[in-house]
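The values are calculated or read from the model by the stated rules, or taken from the named source; none is laboratory data. For clarity, every value in this text was computed on a predicted model and none was experimentally measured. Here Cβ is always computed from backbone atoms with ideal geometry, including for glycine, and neighbour counts include all displayed protein chains. Accessible surface is based on the protein model in full, side chains and every heavy atom, while ligands, DNA and RNA are left aside. Shrake-Rupley method; radii C 1.70, N 1.55, O 1.52, S 1.80 Å.
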Amino acid sequence: MVEPRLLVSPGTSSMLPWFGLLLGLLAIPFAFFLGLKALIRARLGGYKHEFVRPDPSAPLTKEALRSVAVLGGGVAGLTAALTLARRGYPVTLYEKKAFLGGKLGSQREPVLAGQETWVSHGFHAFFPHYHSFRRLLDSVRICELESIDDYVICEKSGAMTRFRGVEPTPVLNLFGLLRRGLFSLKDAVSAPGRDLYGVFLEYEADATFRRYDSVSYAEFARRGRVPPRLKLAFNTFARAFFADEEKLSLAQLIKAFHFYYLSQDGGLLYEYPIRDYEAGLMRPIAEELESLGAEVRTLDPVREFSRTLEGFQVNGRPYGAVVVALDAPALGPLFLDAPGLPEETRRRIGSVRAGQRYVVWRIWIDKDIRESVPVFVITERERALDAVTAFHRFEVETKEDLKSGRADPKTRAVLELHCYAVPDDLVDAEIKPTLFGELLRRFPELEGASVLHEWYVVEQNFSAFHVGLEADRPTVETGVPGLYCAADWVKLPFPAMLLEAAAASGYLAANGILAEDGLRLEPIVTVPLKGLMAGMPAPKTRVELLGA
Ligand SMILES: Cc1cc2nc3c(=O)[nH]c(=O)nc-3n(C[C@H](O)[C@H](O)[C@H](O)COP(=O)(O)OP(=O)(O)OC[C@H]3O[C@@H](n4cnc5c(N)ncnc54)[C@H](O)[C@@H]3O)c2cc1C
């Protein structure tokens, strides 16, 4: 047997201390980096905040539970309905459309020259920190999800800003923006940026909305002379509110930046379903609801709602509790004059209003977009185009249409164009030409393409997150026992948006009813409630600049 020390030659052994020193020196920045990550995590209190931790000794269910009406079959309504039906409540779900899912629903339409295919309200990204939404999905057998390769912004110049590889730790990920040239150190350390950008690290619901809900994002950008490249980053988060910069509240933008970028370490690489939403998500949910004895009443819009001495009445039928999970346009007509409700409750729910129009336009065309573009890409907006999805690259049903010949055989691509907030002065007739023109400028390889089939929707049913609306926004609790709100327009006691707000509010509404009945609550996990630098006093210069 060879003695180990004989394996090291005398020359090598004299170099060992130097080698060790070198390793030690290299380890210092690495240890510093790990230390910094741990510090950020500790300061935020971890990335998963246990907002509701159920008492395991509380009963899950009991005899003779009251009946519950859930109004609206979007993600919020479905979350509440499924949760309560699983606990044994007799649930009736009212949905005005023929299908479930609301904005995450899909339907069959005869768009392929008379042949039907699945179309939807558009591509949706499921982010890793959507804890409640993920919990809902994990509780039913949904279709396979695929991970996006890269989060990409396609700029007006045609350049692609890619977020793959950005360190996901909050705050350290700001260096990712720096490296991609979205801002410079000079922007951050010199006025006015130095005085303003701190707001994004200081999110704390009460203070943020008290100070900044009266300021628009556009006003902030003007007064702060936000450089165009940095606006590109902010705009990505601003789009989530379906509002123009002039209308969008700065406080909402700060919340979005906190929620998506500065409070979670999952990064921006999200997942998406590879089936249409009906087959992939909604059918399993509807099947479970029905197997639990819930009554799913599609094509039965809520026309009448009132509070009675015994509980509530919906479309002439009595219920012991109600979850309001409708979209914004439905609320005013049903609630402003709802009999039996306190004036304040009627006013709050009934005053939720819709934001701007948005457009989803799916086109079957005879040219394909270049291979290097991910299936979903955000586009820097000129006038209307916000995002492009290449459905022929991933969706099972779309691929099947092409293979089976249901779609025109000349089809090379099935693209979905989104405009999340149609400018008020863009008339209907101009929307499609504007979107198509912008598509061709971004992707010149599509020049000369013809549209073979199309599916086009202009809707105005996303709620407004405009300046000054937060103070009056309804919360999940309405002040009336047995009556709860659940939707992405509800003011939540933690930061959440869109699908996550819908699912989380659904669990909260169900918890309201469970709590009244002395039953065990559903657990709710959220991102950290506050930003890394929450609680810092606003610098005087910022107060002067923003008047807030
Ligand atoms: C184009 C587009 C892209 C999006 N992309 C994303 C994304 O990538 N990631 C993300 O997180 N979110 C995204 N969203 C947002 C997301 O879809 C919504 O936040 C979420 O689906 C809202 O769910 P909800 O249950 O609150 O409301 P809704 O889905 O609006 O549900 C409300 C339900 O009430 C029903 N209803 C209305 N009136 C009545 C009535 N009188 N009686 C009975 N029922 C009625 C409606 O038909 C609907 O089913 C996107 C939205 C759109 C439009």
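For the reader, a short list of remarks on this structure follows.
- Residues of the stretch 101-143 classified as over 26 Å from residue 48 (Cα atoms), within 13 Å of the ligand (Cβ to nearest atom) and either open to solvent by less than 10 Å² (accessible area, probe 1.4 Å) or at pLDDT below 90 (or both), total: 7
- Given (1) closer than 30 Å to residue 342 by Cβ; (2) within 24 Å of the chain's Cα centre (by Cα), index of the condition residue 415 fails: (1)
- For the stretch 518-540, the candidate set comprises residues that are among the charged types (D, E, K, R) and either within 29 Å of the chain's Cα centre (by Cα) or assigned by TED's automatic domain parsing to the domain that holds residue 59 (or both); within that set, the residue that is farthest from residue 199 (Cα to Cα) is 520.
- Those residues of the stretch 124-159 which are more than 21 Å from the chain's Cα centre (by Cα) and touching a residue at least 12 places away in the same chain (Cβ under 8 Å), in sequence order: 141, 155, 156, 158
- Count - residues of the stretch 109-123 that are of a type outside the set (A, V, I, L, M, F, W, C) and within 21 Å of the chain's Cα centre (by Cα): 3
- Residue 260 aromatic (Phe, Trp, Tyr), within 27 Å of residue 391 (Cβ to Cβ) and part of a helix (DSSP H, G or I): yes
- With respect to the conditions (1) in contact with a helix residue (DSSP H, G or I) (Cβ under 9 Å, 6 or more places away or on another chain); (2) open to solvent by 10 Å² or more (accessible area, probe 1.4 Å), residue 528 lacks only one, and its number is (2).
- Which listed residue, of 64, 58, 85, is surrounded by 16 or more Cβ atoms within 10 Å (Cβ to Cβ), at pLDDT 90 or above and in the same structural domain as residue 323 (by TED's automatic domain parsing): 85
- Hits in the stretch 423-467 (condition: closer than 26 Å to residue 402 by Cβ and among the aliphatic types (A, V, I, L, M)): 435, 439, 440, 446, 449, 451, 452, 457
- Residues in the stretch 484-538 that are aliphatic (A, V, I, L, M) and more than 16 Å from the ligand (Cβ to nearest atom): 13 in all.
- Every residue from the stretch 236-257 that is among the aromatic types (Phe, Trp, Tyr) and either more than 14 Å from the chain's Cα centre (by Cα) or in a loop (DSSP other than H, G, I, E, B) (or both): 242
- Considering (1) buried (at least 21 other Cβ atoms within 10 Å of the Cβ); (2) assigned to a strand (DSSP E or B); (3) within 16 Å of the ligand (Cβ to nearest atom), the lone condition that residue 352 does not fulfil carries the number (2).
- The set of residues in the stretch 289-322 that are within 16 Å of residue 348 (Cβ to Cβ) and open to solvent by less than 20 Å² (accessible area, probe 1.4 Å) comprises 305, 322.
- Look at (1) touching an Asp or Glu at 6+ places or on another chain (Cβ under 8 Å); (2) surrounded by 16 or more Cβ atoms within 10 Å (Cβ to Cβ); (3) not β-branched (Val, Ile, Thr) and you find that residue 150 fails only one, number (1).
- Among the candidates 304, 295, 271, the residue that is in contact (Cβ under 8 Å) with a residue 12 or more places away in the chain and either within 26 Å of residue 378 (Cβ to Cβ) or basic (Lys, Arg) (or both) is uniquely 271.
- Pair list, Cβ < 7 Å and 6+ apart or interchain, from the stretch 197-220 residues that are open to solvent by 20 Å² or more (accessible area, probe 1.4 Å) to residues that are among the acidic types (Asp, Glu): 209/470
- Only a single criterion out of (1) within 20 Å of residue 83 (Cβ to Cβ); (2) within 16 Å of the ligand (Cβ to nearest atom); (3) buried (at least 21 other Cβ atoms within 10 Å of the Cβ) is not satisfied by residue 475, namely (3).
- Selected residue [crowded, with 19+ Cβ neighbours inside 10 Å and not assigned by TED's automatic domain parsing to the domain that holds residue 361] from 446, 492, 439: 492
- Hits in the stretch 321-346 (condition: within 12 Å of the ligand (Cβ to nearest atom) and part of a loop (DSSP other than H, G, I, E, B)): 325, 326, 327
- Any chance residue 455 is in contact with a Lys or Arg (Cβ under 9 Å, 6 or more places away or on another chain) and within 30 Å of residue 340 (Cα to Cα): no
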